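What follows is a single structure, written as structure tokens, with notes after it.
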Amino acid sequence: MIRILLLILFLVSCTEKEVFPQANYYISPSGNDSNDGSAGSPWRTLMKACAEATDGDKIYAAAGTYTVNVETEVPDGVSIQGAGIDITVFNCTYSGGPALKLESYGYSGNTNYGNQSISYATFNGLMTGKAAITVNFRSYVYIHHCKFIDFT
């Protein structure tokens, strides 16, 4: 009986991504946060996308300028990809801390948190934003093809 239970648990863990496939979400400066986040009906804010996304999901930010004026928590395993440096711009005007916070609560030595990336975007503090991104208690966070300017 125990062997059968262990076999079932093993099979479920091996097929987890098939049972719960990753989702792709989209944001656009012309989107609306009451939309469904699909390519044809994107959200407007990164905060909305991060609130809906879960481990393994990817958020695509269309070309344009976005305002990030509150601390936005990026969930574990969620990646953000812009359309390109200087094409996708996040104006990060939150002065109370980082605009994007990647932090795993309840850290107990587990280094499996993370496995995500932030790429192909510009982050502009407009001489108001304190910090663009902080990463705490996560591993394998790749930040690449990004530009950071004018943070305090």
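The values are calculated or read from the model by the stated rules, or taken from the named source; none is laboratory data. Keep in mind that what you see is a predicted model, and the values were worked out from it rather than measured. Cβ sites come from the backbone with ideal geometry, for glycine too, and all protein chains shown count toward neighbours. Each accessible area value is taken on the protein alone, full model and side chains, heavy atoms only, with ligands, DNA and RNA left out. Shrake-Rupley method; radii C 1.70, N 1.55, O 1.52, S 1.80 Å.
Every condition in (1) modelled with pLDDT of 95 or more; (2) open to solvent by less than 70 Å² (accessible area, probe 1.4 Å) holds for residue 56 except the one numbered (1).
The set of residues in segment 47-87 that are among the small types (Gly, Ala, Ser) and assigned to a loop (DSSP other than H, G, I, E, B) comprises 53, 56, 62, 63, 77, 82, 83, 84. Touching a Lys or Arg at 6+ places or on another chain (Cβ under 8 Å), surrounded by 17 or more Cβ atoms within 10 Å (Cβ to Cβ) and among the hydroxyl-bearing types (Ser, Thr, Tyr): is that true of residue 79 in this structure? Here the answer is yes, as residue 79 does meet what is asked. When each of 101, 48 is tested for being of a type in the set (D, E, K, R) and under 19 Å from residue 30 (Cα atoms), the lone residue that passes is 48.
Cβ-Cβ contacts under 8 Å between residues 6 or more apart (or on different chains), taken from a first residue in segment 37-63 that is free of Cβ contacts under 8 Å to residues at least 60 places away in the same chain to a second residue that is small (Gly, Ala, Ser) and assigned to a helix (DSSP H, G or I), are listed as 37/49; 43/49; 59/49.
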